[in-house]
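Colleague: My structure is below; once you've seen it, I'll send some questions.
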Amino acid sequence: MNLYVEVHDLIAASLRRIAASGRLPKNLDFGRFVVEPPRDPAHGDLATNAAMVYAKAARPFFSSPRDLAAEIVSTLANAPTIAGAEAAGPGFINLRLRPAAFHRLLRAALEQGPDFGRPSPARTAQMKINVEYVSANPTGPMHVGHGRGAVFGDALANLLEFAGHRVTREYYINDAGAQVDVLARSAYLRYKEALGEGTGEIPEGLYPGVYLKRVGQKLAAEFGREFLGRPEAEWLEEVRAAAIVAMMEMIRADLSALNIEHEIFFSERSLTCGKEGDLVAKAIAELRSRGLVYEGRLPRPKGQLMEDWEDREQTLFRSTAFGDDSDRPLMKSDGSYTYFASDIAYHKAKIDRGYLLLIDVWGADHGGYVKRMQAAVEALSEGRTTLDVKLCQLVQLLRCGEPLKMSKRAGDFITLRDVIDEVGVDAVRFMMLFRKNDAPLEFDLGRVIEQSKDNPVFYVQYAHARARSVLRRAREVLPEVDLSPPFLMEADLNLLQDQGETALMKLIAQYPRVVEQAAQYDEPHRIAFYLHDLASSLHAHQTRGKERPQLRFLNEERRDLTIARLALVAAVAAVLASGLGILGVSAPEEMR
RNA sequence: GCGCCCGUAGCUCAGCCGGAUAGAGCACUAGACUUCGAAUCUAGGGGCCGGGAGUUCGAAUCUCUCCGGGCGCGCCA
C-alpha cells in the first residue's frame with residue numbers, strides 16, 4: 001500500500017484519457033513523471049511534475065504546462081482519494097488528499113506491523129540477488145572500515161529482501177595467495193613461542209598481532225614439537241590451515257556480535273583445490289575460447305615510480321573490450337594466478353548459481369578494481385548478469401572530537417570488536433548507516449553513547465521507547481480498553497485534527513515510498529534519515545502536549561479521542577520498529 | 001600523467017535519474033517542565049551549493065573546464 005503509487009496511477013490514467021482524445025501522444029513513458037511530497041506544506045499533500053514533463057509532447061493542444069496541468073486537474077475531480085487539485089507555479093499539480101487516505105495507511109501500519117511498507121509483489125520485479133560483503137582477509141581481526149562494509153552490506157541485504165527479492169548473503173574468504181602464507185609464518189613464530197622457544201623481535205613483514213598467540217598455543221597443543229626446526233615446506237600447509245580456521249572463527253564471532261550472519265562462506269582456495277578441479281583454469285579457458293584472453297605486453301604506467309618494472313609478455317584478459325582502461329593480467333610471473341583470475345572464477349561460480357544481480361560491497365581503496373570485474377562478469381554471463389559494486393568510504397574514528405591515532409603497531413590497533421564492546425551493536429549499526437556509503441564517515445566513540453539528541457541512535461530509539469511508554473501508560477489509565485492493533489484499527493481517526501497529528505499521519509504514509517526508493521537506489525541510509533524525521537515529529541508533538549494538555553495522547557474525559565490518538569502512537573511505533581528492523585537496530589521498549 | 005569518488009551554513013552531513021523560497025543536527029543566542037519519558041521541544045541569526053562556461057522554460061542536481069581533497073594505477077588482496 002503506497003499512496004504515492006496510487007496517485008501516480010491516477011495521474012497516468014488521466015494522461016491516458018487525454019491521449020485517447022488525441023491531444024497527447026499514445027505510449028507515453030509514465031516513468032518520467034514523479035509524485036512526491038512537496039517541500040512546502042502549503043503546496044498540499046502531494047505534488048506532481050507530470051504536466052511539465054509532457055508539456056512539449058502536448059503541443060499544440062496545450063500551449064503551456066499550466067494548460068495541461070489544468071486539464072489533468074479537471075479529470076481528477078472525481079477521484080475518491082483526492083480532495084483538491086490545482087495547477088501551481090510553472091506547472092506543478094498540487095494535490096490535497098482526503099483524510100481517509102491517510103487513515104487507510106495508518107490502519108495498514110497497525111495491521112501489518114513489521115510488514116508495513118513492503119512493496120506489493122506487483123511493484124517489484126523479484127530478482128535472485130547475491131550480496132557479497134565483508135570478505136575481510138582472514139589474517140587478523142576486523143577493523144572499523146570492515147565494519148562499515150559489513151553493516152552496509154547487511155542492511156542492504158535486509159532492504160532488498162524486504163522489497164521482495166531473494167537475497168543470498170555471501171562472504172568470500174581470501175584464503176589463498178601470499179597473505180595467508182605470511183599469516184602461517186607469523187603463526188609459526190607464536191607456535192615456537194608457545195613451546196618456550198625465544199622468538200625475539202617479530203621480523204618485518206610478518207603480522208605482529210597478539211591475537212596470534214592463541215593460534216600458536218593451539219598449534220603447540222595439537223602438534224607438540226613436531227614442526228620445531230623443520231623447514232617451512234613441512235609445516236606451512238598445516239599451520240596455514242589452522243591459522244585460517246582460527247582467524248575465520250574470530251571474524252565470524254565479530255560478525256555475530258554485529259548480528260550479521262552470512263549464508264555462504266566461499267573459499268578462494270576451493271576454486272583450485274576443490275572437487276571440481278581447477279575452476280580458475282576453466283574460467284580462463286572459457287574467456288580464451290571467446291577470444292578475450294591473449295599473451296601480450298602492457299605499457300608501463302605513466303607518472304608513477306616503478307623501479308622494478310620489467311617489460312614482459314603475460315596472460316591478459318581483454319577487459320578494455322568492456323570499457324576498462326587497460327587489459328589485466330591473469331598470471332603472476334611465478335606461474336600462479338593473480339587475485340583477479342581467482343576472482344573471475346569466483347564470480348563465474350556466482351553467475352552459474354543463477355543470480356541476475358551480483359552486488360559486491362568493497363572498501364573505497366578497491367575502486368580501481370571495479371571496471372575489470374564488471375568486464376569479467378559481463379563477458380562470462382554474456383551480459384545477462386549485472387555486477388553492481390558498492391564502495392564504502394573510510395571511517396575516521398574520533399573520541400569526543402579528537403581523532404584517534406590508528407597506529408600500525410598491533411598494540412594500539414582499535415578493532416571493530418573493541419568498538420562494538422564499547423558502544424554497543426545498535427550504535428555501531430545505526431551510525432554506519434546514517435551516512436551515504438560513498439561518503440567518508442566520522443565515528444565518534446564519545447558521541448554515540450551520549451543519551452541526547454546529539455546522538456541519532458539514541459534519538460530514534462528514544463522516540464520508539466517513548467511511544468511504547470505512552471501505550472503502557474494507557475493500559476493503566478484505561479485498563480478496561482483493548483489496545484491491541486485490531487481494536488485500534490476501529491478507532492475514529494477523523495478525530496485526529498491537530499497539525500501535529502496530521503503531520504505524523506502524513507509521515508507514516510510516506511514510509512512505503514521511502515522503503516521503495518531506498519531499495520531502488522540501494523541506499524539504506526534513506527531509511528535512517530526518515531526514521532530520524534519521524535522521531536523528530538513525534539518528539540515535537542509530544543512536547544506540545546506539555547503546554548497544551550488538550551493535545552496529550554491520553555485524555556480520560558475523551559475516550560474516543562484517546563483511542564484515536566493511541567492508534568496513531570501505536571502506528572508510529574510500528575513504523576519506527578519496522579525501519580529499525582531493516583537497519584538491524586533494536587527498537588527498545590524503554591531506554592533505562 | 002590516467003581512472004574513480006568527493007567539494008552544500010563555523011563543524012558533521014542530507015537533498016542530486018532537473019522543478020516551486022536550498023534543509024537537518026551540532027555549535028551560538030533567547031525561551032518552555034506540578035500530570036503521557038524535558039534523555040525533549042520552540043524561536044533566532046548564519047549560504048556567490050568550490051570557480052567559470054554550457055544545455056534547459058527551469059541547474060545544488062545534467063555536460064564541459066579549471067581549482068581543491070581522497071582513493072587507485074602489472075606479477076598485493
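The values are calculated or read from the model by the stated rules, or taken from the named source; none is laboratory data. Predicted, not measured: the structure shown is a model, and the values here were computed from it. For neighbour counting, all protein chains shown are included, and Cβ atoms are generated from backbone atoms with ideal geometry for every residue, glycine included. Each accessible area value is taken on the protein alone, full model and side chains, heavy atoms only, with ligands, DNA and RNA left out. Shrake-Rupley method; radii C 1.70, N 1.55, O 1.52, S 1.80 Å.
Colleague: 222 nm [θ] for chain A, helices only, -39500 (n - 2.57) per DSSP H run of 4+, per residue, to 500?
Modeller: Computed mean residue ellipticity for chain A: -15500 deg cm²/dmol.
Colleague: If a/c stays under 1.5 just call it rounded; otherwise compare a/b with b/c (prolate if a/b is bigger, oblate if not). Do that for segment A:489-570, with a ≥ b ≥ c from the square roots of the Cα gyration tensor eigenvalues.
Modeller: Verdict is prolate for segment A:489-570.
Colleague: Considering every pair of different Cα atoms, what Kirkwood radius, in Å, is found for segment A:224-379?
Modeller: Here the Kirkwood hydrodynamic radius works out to 18.4 Å.
Colleague: On to the next question. Got a number for carbon plus sulfur as a percent of chain A's accessible area, 1.4 Å probe?
Modeller: Accessible surface attributable to carbon and sulfur in chain A totals 49 percent.
Colleague: A follow-up question, please. Classify segment A:146-295 from the C-alpha gyration tensor, please: rounded if a/c falls under 1.5, else prolate or oblate depending on whether a/b exceeds b/c.
Modeller: The shape class here is oblate.
Colleague: Nearest-5 percent of antiparallel DSSP beta bridges in segment A:343-471?
Modeller: Here the antiparallel bridges make up roughly 15 percent for segment A:343-471.
Colleague: Using modelled amide H (1.01 Å from N, peptide plane; none on Pro or chain starts), what sits under 5 Å from the amide H of residue A:173, excluding residues fewer than 5 places away?
Modeller: Sorted by chain and number, the residues that satisfy this are A:266, A:267, A:268.
Colleague: So in chain A, what percent of DSSP beta bridges are antiparallel if you round to the nearest 5?
Modeller: 50
Colleague: Express the relative contact order of chain A as a whole percentage, based on alpha carbon pairs under 8 Å and six or more residues apart in sequence.
Modeller: Relative contact order here is 16 percent.
Colleague: When the scattering of segment A:405-499 is computed by the Debye formula from its Cα atoms alone, each counted once and equally, what is log10 I(q)/I(0) at q = 0.19 Å⁻¹?
Modeller: Per q value, in the given order, log10 I(q)/I(0) is -0.99.
Colleague: Using θ = phi - 60° and the Karplus relation 6.51 cos²θ - 1.76 cosθ + 1.60, list the HN-Hα couplings for segment A:338-355 in order, rounded to whole Hz, with x at every Gly or Pro.
Modeller: 6, 4, 4, 4, 4, 5, 4, 5, 4, 5, 5, 4, 5, 4, 5, 7, x, 7
Colleague: A further question follows. Using the Cα atoms of segment A:262-325, I'd like the radius of gyration and the largest Cα-Cα distance, Dmax, both in angstrom.
Modeller: 16.1, 45
Colleague: What does the convex hull of the Cα atoms of segment A:485-529 come to per residue, in Å³, rounded to a whole number?
Modeller: It is 92 Å³ per residue.
Colleague: Based on the Cα atoms of segment A:431-582, what semi-axes does the equivalent ellipsoid have, where each is the square root of 5 times one gyration tensor eigenvalue, given in whole Å with the largest first?
Modeller: 30, 17, 13
Colleague: While we're looking at this one, here's another question. Residue by residue through segment A:462-478, which ³J(HN,Hα) values in whole Hz follow from phi under the Karplus form 6.51 cos²θ - 1.76 cosθ + 1.60 (θ = phi - 60°), with glycine and proline marked x?
Modeller: Per-residue couplings from phi come out as 5, 4, 5, 4, 5, 4, 5, 5, 4, 5, 5, 4, 4, 5, 6, 6, 10 Hz.
Colleague: Provide the per-residue ³J(HN,Hα) series for segment A:455-461, in order, calculated from phi with Karplus coefficients 6.51, -1.76, 1.60 and θ = phi - 60°, each as a whole number of Hz, with x at glycine and proline positions.
Modeller: Calculated HN-Hα couplings, in order: 10, x, 4, 4, 4, 6, 5 Hz.
Colleague: Oh, and also: Can you give the accessible area per residue of chain A, in Å², using a 1.4 Å probe?
Modeller: 47
Colleague: Of the beta bridges DSSP finds with both residues in segment A:38-183, what % are antiparallel, to the nearest 5?
Modeller: Antiparallel: roughly 65 percent of the beta bridges in segment A:38-183.
Colleague: Skipping prolines and chain starts, which residues have an amide H placed within reach, meaning under 5 Å, of the one on residue A:45, given they are 5 or more residues away or on another chain?
Modeller: Long-range HN contacts for residue A:45: A:95, A:96, A:97.
Colleague: Arrange the peptides A:256-267, A:153-164, A:479-490 so that the one whose residues have, on average, the most other Cβ atoms within 10 Å appears first.
Modeller: A:153-164, A:256-267, A:479-490
Colleague: Give me the aspartates and glutamates in straight-line cross-link reach of residue A:436: C-alpha distance below 13 Å, same-chain residues under 8 apart excluded.
Modeller: A:522, A:523
Colleague: Okay, next question. Using all Cα-Cα distances in chain A, what percent lands in each 10 angstrom bin from 0 up to the longest?
Modeller: In order of increasing distance, the bins hold 3, 14, 19, 21, 18, 12, 8, 3, 1, 0 percent.
Colleague: To continue, here is another question. Taking amide H atoms as placed 1.01 Å from N in the peptide plane, list the residues 5 or more away in sequence, or in a different chain, whose amide H sits under 5 Å from that of residue A:398.
Modeller: Here the answer is A:404, A:443, A:444, A:445, since their amide H atoms fall under 5 Å of that of residue A:398.
Colleague: Still on this structure, please answer the following. Can you pull a Stokes-Einstein diffusion coefficient for segment A:395-449 at 25 °C (0.890 mPa s), Rh from Kirkwood over Cα pairs, as a whole number of µm²/s?
Modeller: D, rounded to a whole number, is 209 µm²/s.
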